Each structure stands twice: as structure tokens, then as C-alpha cells.
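Some notes on the structure that comes next.
The values are calculated or read from the model by the stated rules, or taken from the named source; none is laboratory data. Since this is a predicted model, take the numbers as computed values, not measurements. Here Cβ is always computed from backbone atoms with ideal geometry, including for glycine, and neighbour counts include all displayed protein chains.
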Amino acid sequence: MNAAQNIGISFYQNLGKLFYAIAASDKVVRESEYTTLKKIVKSAWLDIDDLEDEFGADAAFQIEIVFDWLDYKELVAEDSFYEFEDFYLENKSLFTDNVKKLVWNTSNSIASAFSGKNKSELMMLGKLRLIFEN
């Protein structure tokens, strides 16, 4: 696997961290949030590029894999968010306007998946908006 593939896979893994942080911001990841994520990965993220992981699967599935693993480990949402933020700041060139829009739409959909957005989710979305604007 070359450096570009590693960065690409890391890109999707860090998106998984962000989407987990949004879903887990209220300390509970609901089935509807995970279902929403899976639908959006299949309908939108698989078409971003042709990158595959070391097993030949579309690298975009790393979003789901990381999200699922973080939920299983019940890691702190804020920690996952800050890991995403660090990756974003080091790799801004990967985040075109279209990618940022898709990240934002995915994050909003996850936050809205269970009874609308709560305060914790709104705060996490606000942090995301701030890093995208700077």
C-alpha cells in the first residue's frame, strides 16, 4: 500500500471518528443514527473515489468500521472529534468544498436521526462548522 492509499484510508477512518463523535455526543449511539450512517455511506460516500483497502473493499466502508469499533469500545465522543480535527488540520487539501458539504450533510443527518438534534449534538455540529470555516 502506498502513501496516497494510506492517507485515503486514514481520511475515511477519521470521518468515522467524526460521525461517531456526533452520534455519541449525548453519550448514547442509537440504532437509528447507525442506520442513517450506513445508508449515507452506501448512497454517497462510495462514489467519492475508487480507493480500496488492503482487502479489496471500497475504502469508504472504513467509515462504518471505525464508527462501529468506537461505539463498541464506548470511547469518549470529544476525543474522537479532536482526532478528526487534527487530521483535518493536517490534510485540508483532501476536504474540497464538495467533501465538506457531504461531511456536513452526513453529520446533520446523523444528529437528526433520533428525535431531532439535542444540545450535545448541536454543540458538536457547531465545533465542526468552526473548523470548516477557519
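In this structure, D86 does satisfy being closer than 15 Å to L15 by Cα, free of Cβ contacts under 8 Å to residues at least 24 places away in the same chain, out of contact with any Ser or Thr (no Cβ under 7 Å at 6 or more places or on another chain) and exposed (fewer than 13 other Cβ atoms within 10 Å of the Cβ). Against the list (1) over 22 Å from V41 (Cβ atoms); (2) modelled with pLDDT under 95, the condition D86 fails is (2). Please find, within the range 98-122, the residue that is nearest to L18 (Cα to Cα) out of those that are modelled with pLDDT of 95 or more and exposed (fewer than 13 other Cβ atoms within 10 Å of the Cβ). The extreme case among them is N105. Against the criterion of being at pLDDT 95 or above and either under 19 Å from I7 (Cα atoms) or surrounded by 14 or more Cβ atoms within 10 Å (Cβ to Cβ) (or both), L51 does not qualify.
Just to verify a result, which residue in the range 28-48, among those that are without any contact (Cβ under 8 Å) to a residue 60 or more places away in the chain and within 22 Å of M124 (Cα to Cα), is surrounded by the fewest Cβ atoms within 10 Å (Cβ to Cβ)?
E31
Please specify each residue of the range 60-78 satisfying the condition of being charged (D, E, K, R) and surrounded by 13 or more Cβ atoms within 10 Å (Cβ to Cβ). E64, D68, D71, E78 - these are the residues of the range 60-78 that are charged (D, E, K, R) and surrounded by 13 or more Cβ atoms within 10 Å (Cβ to Cβ). When you check K92 against the structure, is it in contact with a helix residue (DSSP H, G or I) (Cβ under 6 Å, 6 or more places away or on another chain) and either loosely packed, with under 15 Cβ neighbours inside 10 Å or within 19 Å of T35 (Cβ to Cβ) (or both), yes or no? When the stated conditions are applied, K92 does not pass them.
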